Every structure is written in structure tokens, then in C-alpha cells.
Amino acid sequence: MQVEIFPDRLLNIETAQALLNELNRIGGITRMVVYGPRLPKEDPENLLAGKHDIREPRYLEILGEKVELTVQVGRIFVEMEDPGIVEKIKEACRKALPFPFEINEGIYIRTRKTLTDYVRKGGKVDDISVGMFDPKAQPKSSCCSPRSDKHADD
């Protein structure tokens, strides 16, 4: 079962981490995804100070893993083992969010492997990482090796 936590506002990093800390305490959650608009590549404050191409990475702790924040958190998708956990999730949201929110049930994280998962993950896809990548991110390595100069004349 999956739910979407949809706050009425975009969350700053402190509020997002406070909510994730509450959710991390709940047993039975198998996966969580933060979703929202992509953060700009450069920090506006650095641009005003004349510093270019400098951005301090910021991290969130999600289910015990440190994950670099690349989006402003607007929604959190949660996959759980038991539907009875929804009440605990609502209570965690009430504790961490000082403004209204909605909790919707549905399918928000893919549950089956696709060709895109294999390409983005280099053929190594486990059940937890299905659908857990940024489709707009540039791949870190290419699937084809570059031609060497030695074979350029062939």
C-alpha cells in the first residue's frame, strides 16, 4: 500500500527533516520518496555575492540513509507493509507540520521493473530501487564505452 503526504505548502529543509524524522520512527514503512520542483543549480545568495558554480549540498535522512536534496519537498510518497500504519502517518504529520495537509491513498512509486530502471541502474535493479531515480538527471556513466584513438582508423 502507498500513500501521498501532500502539505498545503512546499517544505523547507528543517520542516521536511522533522517530518521525515517522525516517519522514520514508524515501523513497517518500506520506501519513501520526496517529490517537488527541482532546486536551482546555483544558490541565489551565492550569485548575488559574485560566486558562481558553488552550491553546498544539503542532505535529508530517509529510512537511515543520507540522501542529497535536489528538490524542494512538496510531497512525500510512502510505501508500507500494513494499511494500519496510515493512522500513525497522520499523527506524525500532525506533529511535524504546522499547517494543513492531505493524505491520499494510491500507487505513487512504481512496483515493477521497467527498461528505464535497467538503463539508469546499469542492469542492477533490486526491488527497493524500482522507480527510485530522477528521470531528468544526467547519467553518471555512459552505457557505451568511448572509442579509443587506437581504433579510430578502423
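The values are calculated or read from the model by the stated rules, or taken from the named source; none is laboratory data. The shown structure was predicted, so the numbers you read here are calculated from the model rather than taken from an experiment. Heads up, the Cβs are rebuilt from the backbone with ideal geometry, glycines too, and the neighbour counts pull from every protein chain shown.
Okay, here's what the table says:
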quantity: Conditions (1) at pLDDT 65 or above; (2) among the basic types (Lys, Arg); (3) not in a loop (DSSP other than H, G, I, E, B): number failed by ARG112; calculated: (3)
quantity: Output for region 28-44, where each listed residue is in contact with a Lys or Arg (Cβ under 9 Å, 6 or more places away or on another chain) and at pLDDT below 85; calculated: LEU39, PRO40, LYS41, GLU42, ASP43
quantity: Enumeration of residues in region 1-28 that are in a strand (DSSP E or B) and in contact with a helix residue (DSSP H, G or I) (Cβ under 9 Å, 6 or more places away or on another chain); calculated: VAL3, ILE5, PRO7, LEU11
quantity: Close pairs from region 55-78: first farther than 11 Å from VAL34 by Cα and at pLDDT 90 or above, partner of a type in the set (Ser, Thr, Tyr) and in a strand (DSSP E or B), Cβ under 9 Å, at least 6 apart; calculated: LYS66/TYR59
